[in-house]
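Asks: Below is the structure I would like to discuss, written out as structure tokens.
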Amino acid sequence: NAGVTQTPKFRILKIGQSMTLQCTQDMNHNYMYWYRQDPGMGLKLIYYSVGAGITDKGEVPNGYNVSRSTTEDFPLRLELAAPSQTSVYFCASSKASELFFGSGTQLSVL
Amino acid sequence: AQSVTQLDSQVPVFEEAPVELRCNYSSSVSVYLFWYVQYPNQGLQLLLKYLSGSTLVESINGFEAEFNKSQTSFHLRKPSVHISDTAEYFCAVSDSPTGGGNKLTFGTGTQLKVEL
């Protein structure tokens, strides 16, 4: 059972570099999400998608971009990495009221 | 607007002791409440939820939570914890019973540490 798969698991970026965090799900869920988790802050929603071709901003979208060309894939793009983007990133999909999370990407921007 | 408060950032407890993790919410509309658990180096997973009906809901591994509308609380309890319960626990509130993560507001989490 693959569920939600995120790659990479760890990454170190230099300030100003760009990268794409990959996320794919095999549960045929229409809804997908990107969260960031910072210590003591809980989870903050970055972007979400209600289906292929449709995306919308969450609570903290600045500095990020997303696309949703297929039901399965929902990549998150960081264009100009900044130290404030050091965090753990989680992709999730949902069926009704239950979210299914990937195992996370730990990103450090130095 | 809705919000969730988890007052305890860390709760240490000895194995086989009871535990309560507190969660209070505020919302101006109907609420739907959730507890998620995050084991070390993993993503969150749903532990239990209250959507309607009985105010006492249970998980398969012995946790329970009670929706208390008058006290705007949804505390998580377990009568006897095991070392494997060590994890971070997140309370969350939604204004939709079927809505997804875009409708959810998470608390800041409570780290439960079970000691021998």
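Asks: In the range B:72-84, which residues are among the aliphatic types (A, V, I, L, M) and either without any contact (Cβ under 8 Å) to a residue 24 or more places away in the chain or open to solvent by 60 Å² or more (accessible area, probe 1.4 Å) (or both)?
Replies: Within the range B:72-84, just B:83 meets the criteria.
Asks: While we're here: Starting from residues that are over 15 Å from residue B:104 (Cβ atoms) and within 10 Å of chain A (Cβ to nearest Cβ), keep the ones in the range B:40-60 and report whichever is farthest from the chain's Cα centre (by Cα).
Replies: Per the criteria, the residue is B:41.
Asks: Tally up the residues in the range B:3-44 that are open to solvent by 80 Å² or more (accessible area, probe 1.4 Å) and touching a strand residue (DSSP E or B) at 6+ places or on another chain (Cβ under 6 Å), please.
Replies: Of the residues in that region, 4 qualify.
Asks: Could you go through the range A:18-28 and let me know if any residue there is among the β-branched types (Val, Ile, Thr) and more than 15 Å from the chain's Cα centre (by Cα).
Replies: no
Asks: May I pose another question? Taking the criterion of being touching an Asp or Glu at 6+ places or on another chain (Cβ under 6 Å), open to solvent by 20 Å² or more (accessible area, probe 1.4 Å) and in contact (Cβ under 8 Å) with a residue 40 or more places away in the chain, would at least one residue in the range A:6-21 satisfy it?
Replies: Scanning the range A:6-21, I find at least one residue that is touching an Asp or Glu at 6+ places or on another chain (Cβ under 6 Å), open to solvent by 20 Å² or more (accessible area, probe 1.4 Å) and in contact (Cβ under 8 Å) with a residue 40 or more places away in the chain, so the answer is yes.
Asks: Show the residue pairs meeting these rules: Cβ distance below 8 Å; 6+ apart or different chains; first residue within the range A:91-105 and facing chain B (nearest Cβ under 7 Å) and under 18 Å from residue B:50 (Cβ atoms); second residue hydroxyl-bearing (Ser, Thr, Tyr) and part of a strand (DSSP E or B).
Replies: Taking only residues 6 or more apart or on different chains, the pairs are A:94/A:31; A:94/A:33; A:97/B:32; A:97/B:94; A:99/A:33; A:99/A:93; A:99/B:36.
Asks: Suppose we keep only residues that are outside any strand (DSSP E or B) and in contact (Cβ under 8 Å) with a residue 12 or more places away in the chain within the range B:85-112. Which one would you say is nearest to residue A:97 (Cα to Cα)?
Replies: So, considering only residues that are outside any strand (DSSP E or B) and in contact (Cβ under 8 Å) with a residue 12 or more places away in the chain, the one nearest to residue A:97 (Cα to Cα) is B:97.
Asks: Turning to a different aspect of this structure: Can you go through B:63, B:90, B:106 and tell me which one is modelled with pLDDT of 95 or more, surrounded by 21 or more Cβ atoms within 10 Å (Cβ to Cβ) and facing chain A (nearest Cβ under 9 Å)?
Replies: B:90
Asks: Filter the range A:37-57 for residues that are facing another protein chain (nearest Cβ under 9 Å) and more than 19 Å from residue B:38 (Cβ to Cβ) and give the result.
Replies: Within the range A:37-57, A:48, A:50, A:56 qualify.
Asks: Just checking, how many residues over the range A:60-80 are more than 17 Å from residue A:27 (Cβ to Cβ), surrounded by 16 or more Cβ atoms within 10 Å (Cβ to Cβ) and touching a residue at least 40 places away in the same chain (Cβ under 8 Å)?
Replies: Counting residues in the range A:60-80 that are more than 17 Å from residue A:27 (Cβ to Cβ), surrounded by 16 or more Cβ atoms within 10 Å (Cβ to Cβ) and touching a residue at least 40 places away in the same chain (Cβ under 8 Å) gives 3.
The values are calculated or read from the model by the stated rules, or taken from the named source; none is laboratory data. Note that this is a predicted model, so its numbers are computed, not measured. Note: ideal-geometry Cβ built from the backbone for every residue, glycine included; neighbour counts use all protein chains shown. All accessible areas refer to the heavy atoms of the entire protein, side chains included, with ligands and DNA or RNA removed. Shrake-Rupley method; radii C 1.70, N 1.55, O 1.52, S 1.80 Å.
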